[in-house]
Amino acid sequence: MKSRRTKIPKDVADDIQFKSDLVCVVCEAPGDHIHHIDGNSSNNDPDNQVLLCFRHHDAATLKGSLSRKLSSGVLRKYREQHYKKVRQKRYVPPVIKGSKKLIQISEEVFFQLTMDALVCIEVEKIRVYFRRYDWKLI
């Protein structure tokens with residue numbers, strides 16, 4: 001027996017659309033449908049929903065075909081990967097105070113600058129250590 005479709009609460013639908021950045025989690029085309037991953041249209045748990053375009057919604061609900069449909073496991077993986085990408089895109093990088101203005105840099109650049117500074121410190125230690133010796137002899 002088929003479950004009765006219940007309307008997705010507005011706050012849940014808004015949250016799904018926001019987390020997905022209004023695009024399909026599989027192909028990043030405009031998102032058209034909120035799909036119930038487990039196929040139960042009355043289960044409006046946010047963990048059971050994903051935003052898809054027409055094409056991928058059809059692929060996820062495909063029945064009686066030789067084509068392989070998008071399984072619930074695959075949809076969850078696409079969703080988590082896409083949500084992570086959206087969070088990274090929205091992330092505001094840390095700010096470093098420069099001489100006259102504030103400069104925003106990414107975490108990767110900050111990490112690289114830190115590593116470069118540590119290398120410079122170690123090179124200076126080596127230079128000071130070997131200053132004691134006569135370089136012509138070395």
> Taking a 18 Å limit on the Cα-Cα distance, which of the listed pairs Lys19/Lys69; Lys7/Lys85; Lys10/Lys63; Lys19/Lys84 fall beyond it?
Replying inline: Lys19/Lys69; Lys7/Lys85; Lys10/Lys63
> Any idea which of Thr61, His82, Gly39 is furthest toward the positive side of the dipole for the range 10-90, if Lys and Arg beta-carbons carry +1 and Asp and Glu beta-carbons -1?
Replying inline: His82
> Across the range 105-111, in residue order, what do the Karplus-derived ³J(HN,Hα) couplings come to in whole Hz, using 6.51 cos²θ - 1.76 cosθ + 1.60 with θ = phi - 60° and x for Gly and Pro?
Replying inline: 9, 7, 4, 5, 5, 4, 4
>> Using only the alpha-carbon atoms, what does the range 10-90 span along each of its principal axes? Please give whole angstrom values in decreasing order.
In response: 40, 25, 20
>> Using a 7 Å offset from the Cα along the Cα-to-Cβ direction at both Val12 and Lys63, what is the distance between the two label points in nm, to one decimal?
In response: 2.1 nm
> Under a 5 Å amide H to amide H cut-off, with H placed in plane at 1.01 Å, what residues pair with Val23 once short-range neighbours are removed?
Replying inline: Gly31
>> If I take R0 = 25 Å and measure r between the Cβ atoms of Asp32 and Arg87 in this structure, what FRET efficiency does the formula 1/(1 + (r/R0)^6) give, to the nearest 0.05?
In response: 0.65
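Where a number appears in this text, it was derived from the coordinates with a stated rule and is not lab data. The shown structure was predicted, so the numbers you read here are calculated from the model rather than taken from an experiment. Neighbour counts run over all protein chains shown; Cβ positions are idealised from the backbone, glycine included.
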